[in-house]
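Where a number appears in this text, it was derived from the coordinates with a stated rule and is not lab data. Not measured: the values here are computed from a predicted model. Note that we place each Cβ from the backbone using ideal geometry, even for glycine, and neighbour counts take in every protein chain shown.
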Amino acid sequence: MSDVLPDRQPELRVMPMPSDLNPAGDVFGGWVMAMVDIAGSLPARRRSRGRVATVAVNSFVFKQPIAVGDVVSLYAEIVSVGRTSITVDVEVFAERHPERPVVVKVTEARLTYVALDAQGNKRPIEGS
């Protein structure tokens with residue numbers, strides 16, 4: 001059974017290359033984590049109107065491996081905004097087998113970002 005892509009634009013869409021593989025032939029978990037961090041930071045940056053830094057990976061679940069040739073789509077949604085922090089949920093889907101397309105949810109994560117000023121100190125988020 002195939003999953004379905006969310007009915008909104010992804011924050012990020014990428015295709016892993018052979019250099020992103022581990023010795024078993026699957027994409028490195030660290031590569032996936034880096035893409036999730038980038039995708040999650042984009043709505044956090046927009047909402048905070050500036051620089052953010054990852055302060056917590058609240059949860060991270062690998063559901064299925066990703067392979068070379070998969071088109072990986074990352075969807076991010078803000079779930080809460082605090083005085084200086086923003087928590088974002090990220091869902092990752094792989095589109096496989098272009099000749100007989102199938103979509104599979106491969107990862108889901110929740111990350112928290114903190115808004116930073118020019119000196120790298122925490123700063124309040126406007127409107128929170």
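What share of Cα pairs, in percent, lie more than 18 angstrom apart in region 4-57?
47
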For region 69-77, in residue order, the Karplus 3J(HN,Hα) values (coefficients 6.51, -1.76, 1.60; θ = phi - 60°; whole Hz; Gly and Pro = x) are x, 5, 8, 9, 10, 10, 10, 10, 9
For V55, the residues 5 or more places away or on another chain with a placed amide H closer than 5 Å to its own amide H are T112, Y113, V114
To the nearest 10 degrees, the tilt of helix 29-48 (Cα long axis) against the first principal axis of the alpha carbons of the chain is 40
The answer for the net charge of residues other than S128 whose Cβ lies under 12 angstrom from its Cβ, with Lys and Arg +1 and Asp and Glu -1, is +3
By the mean-Cβ-within-10 Å protection proxy, highest first, 94-102, 75-83 rank as 75-83, 94-102
Output for region 1-90 (equivalent-ellipsoid semi-axes, sqrt of 5λ from the C-alpha gyration tensor, Å, descending) is 26, 15, 12
Cα-based Rg/(2.2 N^0.38 Å) for region 49-115, rounded to two decimals, is 1.34
Ordering 8-14, 67-73 by per-residue average of other C-beta atoms within 10 angstrom, highest first, gives 67-73, 8-14
Applied in sequence order to region 114-123, the curve 6.51 cos²θ - 1.76 cosθ + 1.60 (Karplus, θ = phi - 60°) yields integer Hz couplings, x standing for Gly and Pro, of 10, 6, 10, 8, 4, 8, x, 8, 4, 9
